[in-house]
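The block underneath contains the structure these notes are about, expressed in structure tokens.
The values are calculated or read from the model by the stated rules, or taken from the named source; none is laboratory data. Just so it is clear, the structure is predicted and the values come from calculations on it, not from any experiment. Methodologically, a virtual Cβ is constructed for each residue, glycine included, from the backbone with ideal geometry; neighbour enumeration extends over all protein chains shown. Just so you know, the surface numbers come from the protein's heavy atoms only, side chains and all, with ligands and any DNA or RNA stripped out. Shrake-Rupley method; radii C 1.70, N 1.55, O 1.52, S 1.80 Å.
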Amino acid sequence: MPATDELSLAEQAALRGQCTVFLAGHGPVSAVALLATIPADTAVDRYGDGGVVAELEAEVAGLLGQPAAAFVPSGTMAQQSVLRVHADRRQRRTIVFHPMCHLLWHEDQGFERLHGLTGRPAGDPNRLMTIDDLTAIAEPPAALLLELPQRDLGGQQPDRADLEAQIGWARARGAAVHLDGARLWESAAGYDQPPGEIAALFDTVYVSFYKGLGALAGCCVAGPADIVAEVREWRHRMGGTLFGLWPNAASALSCLRRRLPLMPGYLSHAREIAAALRDVAGVRVVPDPPQVPMMHLLLSTTPDRFAAAARRLAVDQQIWTWPTAMTTVDPTVQRVELSVGDATAALSPPEIRTIITALLAG
């Protein structure tokens with residue numbers, strides 16, 4: 001049988017399906033488990049109006065301290081819509097963001113091709129954006145987009161003073177400040193503040209429900225009522241106002257209520273894991289200590305050795321880790337992302353240390 005990185009998706013699914021221990025996140029995703037997040041007495045909506053959709057929107061707006069919120073099927077649609085609104089209101093087209101911004105790398109240039117916006121990366125892709133990176137920009141932008149935490153940097157985020165300085169730079173130039181808060185729930189735990197304290201710094205906020213919360217796909221954009229009303233119109237134009245949004249909204253609401261209170265515990269567990277890995281030869285935790293309930297691990301191994309070790313864990317011990325690792329500029333160092341959720345919390349830091357050590361065995 002070939003190494004794990006050569007397996008088809010169907011073969012990977014079969015291998016994962018026979019595992020009983022899962023290292024990252026909330027564990028395996030199954031239709032049964034996801035359907036269970038939709039209460040039987042859910043009140044349905046009609047084209048996004050009423051029912052559980054309205055209930056979710058009201059709860060998210062309250063949690064984030066914003067006047068209004070709109071449920072949107074995808075983050076790609078949500079963020080392009082709200083940035084289009086900010087740009088149109090200012091008659092400017094430039095959006096400033098970190099070089100690893102999701103808009104730039106994972107949306108097929110939709111912000112440019114669909115909305116005529118111009119992206120301007122600021123700073124170094126291997127570190128957080130700083131105020132110095134922003135002050136080097138002369139042109140007046142439509143909006144500054146900040147991601148909290150910065151996923152591609154292992155979940156790093158600036159301290160509060162740096163964050164406020166960057167927001168102040170944008171406001172002084174008449175630009176909107178938008179939060180890519182796909183993982184705001186984790187970010188708030190890292191800042192040891194309620195989500196609304198972080199959201200209050202921004203003009204608009206996007207939050208996701210399927211990532212750290214483990215719900216069905218979907219998200220919300222929150223902000224002033226007039227901006228959210230325009231986002232709803234763009235949702236309709238872009239085909240996102242489905243006849244019924246209730247299954248996803250109901251899943252989001254139940255998972256939000258269940259897992260948001262668990263975020264501080266996930267963060268504590270992440271830091272205990274980092275401490276357990278600190279003296280393991282060939283392992284580097286980024287950042288150390290973790291700033292939110294996630295981290296990246298830099299492992300001294302090759303792609304083939306990693307894949308072989310991961311497959312052995314799955315076949316011999318029924319432990320699922322990652323089918324492949326992310327490559328780095330050094331072919332002898334591989335990167336993996338460890339998001340801490342229910343499945344991770346079920347494993348002790350010593351158990352996780354043993355699993356990660358096994359991935360280095362080759």
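Nearest 500 deg cm²/dmol is fine: what mean residue ellipticity at 222 nm does the chain get from its DSSP H runs of n ≥ 4 alone, each adding -39,500 (n - 2.57), divided by its residue count?
Roughly -12500 deg cm²/dmol at 222 nm, from the helical runs in the chain.
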How big is the charge dipole of segment 176-297 about its Cα centre, in debye rounded to the nearest 20, if each Lys and Arg gets +1 on its Cβ and each Asp and Glu gets -1 on its Cβ? 420 debye
Would you grab the residues whose amide H sits under 5 Å from the one on Gly65? Only those 5+ places off in sequence or on another chain, please, with H modelled 1.01 Å from N. none
Segment 120-207: Cα Rg divided by the 2.2 N^0.38 Å rule of thumb: 1.02
Given the options Val53, Cys101, Leu35, identify the residue whose Cα lies farthest towards the positive end of the charge dipole of segment 27-102 (+1 on Cβ of Lys, Arg; -1 on Cβ of Asp, Glu). Cys101
Net charge of Cβ neighbours under 13 Å - reference Asp162; Lys, Arg +1; Asp, Glu -1: -2
With charges set only on the Cβ (+1 for Lys and Arg, -1 for Asp and Glu), what does the dipole of segment 225-341 come to about its Cα centre, in debye to the nearest 20? 260 debye
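Using unit Cβ charges (K, R positive; D, E negative) and no other charged atoms, how large, in debye to the nearest 20, is the dipole of segment 171-231 about its Cα centre? All intermediate terms of the calculation are to be shown ahead of the outcome.
Values: 4 positive and 7 negative charges, 28 e Å.
Around 140 debye, computed over segment 171-231.
Evaluated at 20 °C with a viscosity of 1.002 mPa s, what Stokes-Einstein diffusion coefficient in µm²/s does segment 200-326 have when Rh comes from the Kirkwood expression over alpha-carbon pairs? The partial results should precede the final answer.
Working: Rh = 18.2 Å.
The Stokes-Einstein estimate is 118 µm²/s.
Taking square-rooted eigenvalues a ≥ b ≥ c of the alpha carbon gyration tensor, is segment 269-353 rounded, prolate or oblate, where a/c under 1.5 means rounded and, failing that, a/b exceeding b/c means prolate? Kindly include the intermediate steps, with their values, before the conclusion.
Details: a/c = 1.80, a/b = 1.16, b/c = 1.55.
Because a/c hits 1.5 or more and a/b fails to exceed b/c, segment 269-353 counts as oblate.
How much net charge surrounds Glu57 when only other residues with a Cβ under 11 Å from its Cβ are counted (Lys, Arg +1; Asp, Glu -1)? Numbers along the way, then the final one.
On the way: positive: Arg232; negative: Asp45, Asp49, Glu55, Glu59.
Here the charged neighbours net out to -3.
Once neighbouring chains are kept in place and the probe is 1.4 Å, which whole percent of the accessible area of segment 121-182 is contributed by carbon and sulfur? Before the final figure, lay out each step's value.
Working: 1090 of 2270 Å².
Carbon and sulfur together cover 48 percent of it.
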Gap separating the Cα centres of segment 143-172 and segment 225-264, nearest whole Å: 24 Å
Regarding segment 4-131, what is the average projected area of its C-alpha convex hull, in nm²? 12.9 nm²
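Carbon-plus-sulfur fraction of the accessible area of segment 5-78, 1.4 Å probe, in percent? List each step's numbers first, then the result.
Working: 2260 of 3730 Å².
About 61 percent, which is the carbon plus sulfur part of the accessible surface.
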State in Å² the accessible area per residue of the chain; use a 1.4 Å probe, count heavy atoms of protein chains only, and round to the nearest integer. 42 Å²
Using Cα springs under 10 Å in a Gaussian network model of the chain, which residue among Leu15, Leu213, Leu23 shows the largest mean-square fluctuation? Leu15
State the three equivalent ellipsoid semi-axes of segment 141-280, derived from the C-alpha gyration tensor as the square roots of 5 times its eigenvalues, in descending order and whole Å. 27, 23, 12
Springs between alpha-carbon pairs under 10 angstrom, Gaussian network model over the chain: which of His98, His115, His269 fluctuates most? His115
Mean-square fluctuation maximum in Gaussian network of the chain, Cα pairs under 10 Å, restricted to Thr20, Thr37, Thr204, hits Thr20
Per 20 Å bin, what percent of the C-alpha pairs of the chain does each bin hold, from zero upward? 29, 57, 15, 0
